[in-house]
Amino acid sequence: MKFGGSSVANASAMLNVYQIISSQKCKKLVVLSACKGVTDLLIEAANLSLQSLAKSIEIINIISEHHKQIIENAIKTELRWNAMDEIGKLIRQIREYSEGIFLLQELTPKMLDYYVSFGEKLSTTVFYYILLENKINAALINSENYIITNSKFGEAEPNYPIIQSKVQKELKPQFDAHDTIIAQGFIGSDLECRTTTLGRGGSDFSASIYGLALDAKEIQIWTDVSGIKSADPRLVEQAITLDEMTIDEIRELSFYGAKVLHPDTIKPAIEAGIPIKVLNTFSPLEQGTIIKENNQASEPKLHSISVLSEVTKLHFHLDAKRNNNLQIVDILNYLIRRNIKILSSSQSETSFVLFAKLENQQINNIIATYTDFQVEAIKGDLICLVGNNILLDKELLAKLIKKIESYQIDYIQFGINKQLSLLFSKENTREIIERIHSVIGN
Ligand code: ASP
C-alpha cells in the first residue's frame, strides 16, 4: 500500500491512513511519501545552504515544526517523547548536512539525494509511532537497505536481482513477527551504500518494486483522487472514475498530458501479473481503478480523454523533385539533434505533418532552415482519445464524428493503434472535449 504526500500531509491525514491500513486484515508493506510539500522545502533548503546557512536553517525549522505538530496532535501517550526524539535526531542530521554544504560550497546530485531522503525518513518515523500508539504490530524499515540501485543520483534505476534477494532473505522474514511494515518511498542506495532517489514522484515506483520483490497479491496506490478519470474533472465536470485501464492506455494518456501514474514505474509489477489499484485516501470506500495487462480482451470502447495544450502542428509541403523519405529523414534528424520530442507525425506523397511542443524561436528557425519547401506552423491543442479498438465499433465511430461535425478540427487520426486516436484543434477545445466525453459511459 503506497500513500502519497497529500495522504500523509498532517495528523488527520495520517490518522486516516491508519484507519485504512487497519481495516485491511492481511500482512502489508506500507510505502509512504514525504509529507506534502516537504521534498520541495528540502530542495530549497539544500540550495539555500550554499548561500545562507541561516535561511536554510529557517526552512529546516519549518519542516521540524510540521512533524512535531503531527506528533503532538496524533500521539498522546509517552510514545510522543520517543517520536519527538527520533524526529529531533533526523532534523539534527539535516542541519549538520546543511553546514557541510555551506562549508564545502558544493551541492552535487549525490549530496542532494541524501538531503531529500530525509522527507520520507521523517514521515515514516512519525507514522510508525502513530501505529505503535494505536497498538498496531508494526516495524519501520530503511529502504536504503533494500531498494538497491545504480548510481544515477536523482534518477536512480533499481537493480532488481539484488533487491529481490535482499527482500526475500531479509525483509520477508520480518512479516513473521509483524503485520505491518513501513518503508520510505522514493529512496534507495547504490552498491556503495550511498543514498539515491528514484526521481520526483518516485514513491509509486518504490511500491511497485517492493510489490514485485515480495510477490504481493496486490499493489494499492492511494492518492487524493478517486482512481483514473475519464477526463480531467477541471475540464469536464461529468468525468467519471474508470473501473479499469490497461497499461498501454495509461502510457498514451500520460504521454498526452494526463496526470496519471508514471507508466514505466508500474510496468514491471503489471508484467509480473500483480494487479495495481489506484484508490482515494479521502474516499476509501470507492472502488478506484484497476490497472491491467494489455492483452486482456474487452469490447470496443472509448475510455478517457486528455489534452496537451500549446502544441505546434508543422506541415512541410514536400519537394516533388526530391526523394520523400530522404526529406523526412532530414527533418527528423534536425529535430532529434535539437532534442525536440515529436508527439505524432504522418506523411503522404505531398506532405509531412508533425506535432511538437515548440517555442516561437524554434518555429522561426525551422522555417528559416527549410526554405526550399513551404512550412506552415499552427498552434493549438492536441486531444488524445484513449480506449479499446474504437475502429471496430462503427456506431461508436459514427457517434464521435457526429459530436464534432460542427467544429473546425484541423487534424484527425482515428486508430493510430488499438488504443489511441488524435485530434488537433485551434479553438473550442473545451467544448469539443465535453462533446466527445458525452460518448463515454453511453
Ligand atoms: N517525496 C517525493 C517527491 O515529492 C517522492 C514522492 O512523493 O513520490 O517527489
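Among Val375, Val30, rank each residue by its count of other Cβ atoms within 10 Å, from fewest to most, as a rough exposure measure.
Val375, Val30
What length, rounded to one decimal in nm, is gained on full extension from Glu271 through to Arg430, with 0.36 nm per residue of separation minus their alpha-carbon distance?
Fully extending the segment from Glu271 to Arg430 adds 53.7 nm.
Taking only the alpha-carbon positions of segment 363-442 and ignoring solvent, what does the Debye formula give for the base-10 log of I(q)/I(0) at q = 0.22, 0.25 Å⁻¹?
For the requested q values the scattering log ratios are -1.01, -1.22.
When a footprinting reagent is the concern and you count Cβ atoms within 10 Å, what order do Lys76, Lys313 take, fewest first?
In order of increasing Cβ crowding within 10 Å: Lys76, Lys313.
Using 5 Å bins from zero, what percent of all Cα-Cα pairs in segment 1-157 falls into each bin?
In whole percents, the pair-distance histogram is 2, 9, 19, 20, 19, 15, 10, 5, 2, 0, 0.
Residue by residue through segment 187-199, what is 3J(HN,Hα) from phi via Karplus (6.51 cos²θ - 1.76 cosθ + 1.60, θ = phi - 60°)? Round to whole Hz and write x for glycine and proline.
Values, residue by residue: 10, x, 8, 8, 5, 9, 6, 9, 4, 10, 10, 8, x Hz.
Could you compute the FRET efficiency for Asn389 and Asn61, with r as their C-beta to C-beta distance and R0 at 45 Å, rounded to 0.05?
For R0 = 45 Å, the calculated efficiency reads 0.20.
To check my understanding: the extent here is largest minus smallest coordinate of the Cα atoms along each principal axis. What are those three numbers for segment 300-442, in Å, largest first?
49, 28, 27
Measure up Lys27/Lys152; Lys25/Lys277; Lys267/Lys399 against 22 Å on the Cα-Cα distance and list the ones that go over. Intermediate results must be reported in sequence, preceding the final value.
On the way: Lys27/Lys152 33 Å; Lys25/Lys277 17 Å; Lys267/Lys399 33 Å.
With Cα atoms farther than 22 Å apart: Lys27/Lys152; Lys267/Lys399.
Kindly write out, for segment 381-387 in residue order, the coupling ³J(HN,Hα) from the Karplus curve 6.51 cos²θ - 1.76 cosθ + 1.60 (θ = phi - 60°), rounded to whole Hz, with x marking Gly and Pro.
Per-residue couplings from phi come out as 10, 9, 9, 10, 9, 10, x Hz.
If you take every residue apart from Leu420 with its C-beta less than 14 Å away from the C-beta of Leu420, what net charge results, scoring Lys and Arg +1 and Asp and Glu -1?
0
Which Rg and Dmax, in Å, describe the Cα atoms of the chain?
Every Cα atom of the chain included, Rg and Dmax give 25.0, 84 Å.
Mark the label point 7 Å from the Cα of Ile162 along Cα→Cβ and return the residues of segment 200-223 whose backbone N is within less than 18 Å of it.
206, 209-210, 213-214
State, to one decimal in nm, how far the label point of Cys193 lies from the label point of Asn364, with both points 7 Å from Cα in the Cβ direction.
5.6
Please compute the alpha carbon radius of gyration of segment 286-356, then divide it by the globular-protein estimate 2.2 N^0.38 Å. Two decimals is fine. Show your work: numbers first, answer last.
On the way: Rg = 18.3 Å, N = 71, 2.2 N^0.38 = 11.1 Å.
The reported ratio for this selection is 1.64.
For segment 210-319, what proportion of DSSP beta bridges, expressed in % and rounded to the nearest 5, is antiparallel?
Beta bridges within segment 210-319, antiparallel portion: roughly 35 percent.
Which whole number in µm²/s is D for segment 155-286 by Stokes-Einstein, with the Kirkwood Rh taken over Cα pairs at 25 °C and 0.890 mPa s?
152
Under 16 Å from the 7 Å Cα→Cβ point of Glu293, by amide nitrogen: which residues of segment 217-253?
Backbone N within reach: 217-219, 245-249.
Determine the relative contact order of the chain: mean sequence separation of Cα pairs under 8 Å and six or more apart, normalised by residue count, in whole percent.
13
Under a plain spin-label model, where a point goes 7 Å from the Cα along Cα-to-Cβ, how far apart in nm are Asp243 and Asn150?
For the pair Asp243/Asn150, the computed spacing is 4.1 nm.
Cα to Cα, under 15 Å, and not fewer than 8 places away if on the same chain: which aspartates and glutamates meet these conditions relative to Lys301?
Asp243, Glu244, Asp248, Glu249, Asp393, Glu395
As a footprinting exposure proxy, order Thr246, Thr197 by other Cβ within 10 Å, with the fewest listed first.
Working: Thr246 21, Thr197 28.
Fewest to most other Cβ atoms nearby, the residues stand as Thr246, Thr197.
Would you list which aspartates and glutamates come within 13 Å of Lys321, measuring only between C-alpha atoms, while excluding same-chain residues fewer than 8 positions from it?
Glu349, Asp372
Taking the convex hull of the Cα atoms, report for segment 274-324 its projected area averaged over all directions, in nm². Working shown, then result.
Values: hull surface 34.6 nm².
If I average the Cα hull's projected area over directions, I get 8.6 nm².
Under the √(5λ) rule applied to the eigenvalues of the Cα gyration tensor, what semi-axes describe the equivalent ellipsoid of segment 106-156? Give them in Å, descending.
28, 13, 6
Please give the charge dipole size of the chain, origin at the Cα centre, charges +1 on K and R Cβ atoms and -1 on D and E Cβ atoms. Round to the nearest 20 debye.
It works out to roughly 260 debye.
Quick one: work out the % antiparallel among DSSP beta bridges in the chain, nearest 5.
Looking only at bridges with both residues in the chain, the antiparallel portion is about 65 percent.
Read the figures in this text as sums done on the coordinates, not as results from a lab. Because the structure is a prediction, the values reported are computed rather than measured. Heads up, the Cβs are rebuilt from the backbone with ideal geometry, glycines too, and the neighbour counts pull from every protein chain shown.
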